[in-house]
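To keep things clear, I will list the structure first and then write my remarks on it.
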Amino acid sequence: MLILAREEVVAALLGLLVELKGFKPRFPERLQSPVDALGSDRFDLVIIDCDYPGCDEELLRRIDASAARAVLFSPMRKREEVNDLAARYGARSFTLPTDPESFGKILES
């Protein structure tokens, strides 16, 4: 499971939540582009911050083409805004803060 978060602290938090649910988090290498990170392995899910550099329609198309599912999130935007953006791309979404149970449902659905 690839995690693309704008802030390292948020990425670490999400990584812990992913591990709590029995999955293995992966993060891009320092200065690695999101496209290169996506191409570095096969992922079932890509958890991506709406404000991550390079989070755009092209990246979301590449995620879809790789057979991974995108899960958009934001630690700053309103839930409705993130939901609307995710719906546009057929992705799942959540906002922070979230609890482990709700987060797990998003990963497993």
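The values are calculated or read from the model by the stated rules, or taken from the named source; none is laboratory data. Note that the structure is predicted; figures quoted are calculated from it, not measured. Backbone-built Cβ (ideal geometry, glycine too); neighbour counts: all protein chains shown.
Based on what the data block shows, is R62 basic (K, R) and either under 16 Å from D44 (Cβ atoms) or in a loop (DSSP other than H, G, I, E, B) (or both)? When the stated conditions are applied, R62 passes them. Of all residues in the range 96-109, those satisfying the criterion of being touching a residue at least 24 places away in the same chain (Cβ under 8 Å) and not in a loop (DSSP other than H, G, I, E, B) are P100, F103, G104, I106, L107, E108. Would a scan of the range 60-72 turn up a residue that is surrounded by 19 or more Cβ atoms within 10 Å (Cβ to Cβ), polar (S, T, N, Q) and modelled with pLDDT of 90 or more? Scanning the range 60-72 turns up no residue that is surrounded by 19 or more Cβ atoms within 10 Å (Cβ to Cβ), polar (S, T, N, Q) and modelled with pLDDT of 90 or more.
I'd like the full set of residues that are out of contact with any helix residue (DSSP H, G or I) (no Cβ under 7 Å at 6 or more places or on another chain) and of a type in the set (A, V, I, L, M, F, W, C), limited to the range 97-106. First the steps, then the outcome.
From the range 97-106, those out of contact with any helix residue (DSSP H, G or I) (no Cβ under 7 Å at 6 or more places or on another chain) are 97-99, 101-102, 104-106; that's our starting set.
Of everything in the range 97-106, just one residue is out of contact with any helix residue (DSSP H, G or I) (no Cβ under 7 Å at 6 or more places or on another chain) and of a type in the set (A, V, I, L, M, F, W, C), namely I106.
Residue-level check: of (1) at pLDDT below 90; (2) on the phi > 0 side of the Ramachandran plot, G39 misses just (2).
Taking the conditions exactly as written (at pLDDT 90 or above, within 12 Å of the chain's Cα centre (by Cα) and over 16 Å from A11 (Cα atoms)), does R92 satisfy them or not?
For R92, the condition - at pLDDT 90 or above, within 12 Å of the chain's Cα centre (by Cα) and over 16 Å from A11 (Cα atoms) - is met.
I'd like the full set of residues that are touching a residue at least 12 places away in the same chain (Cβ under 8 Å), among the aliphatic types (A, V, I, L, M) and either crowded, with 17+ Cβ neighbours inside 10 Å or more than 20 Å from I3 (Cβ to Cβ) (or both), limited to the range 73-95. Residues satisfying the conditions are V82, L85, A86, A91.
This table checks each residue for (1) assigned to a helix (DSSP H, G or I); (2) more than 11 Å from the chain's Cα centre (by Cα).
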position: V9; (1), (2): yes, yes
position: A12; (1), (2): yes, yes
position: L16; (1), (2): yes, yes
position: K24; (1), (2): no, yes
position: L31; (1), (2): no, yes
position: A37; (1), (2): yes, yes
position: V46; (1), (2): no, no
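Residue pairs whose Cβ atoms lie under 6 Å apart, sitting 6 or more positions apart in sequence or on different chains, and linking a residue in the range 43-67 that is β-branched (V, I, T) to a partner that is surrounded by fewer than 12 Cβ atoms within 10 Å (Cβ to Cβ), do not occur here.
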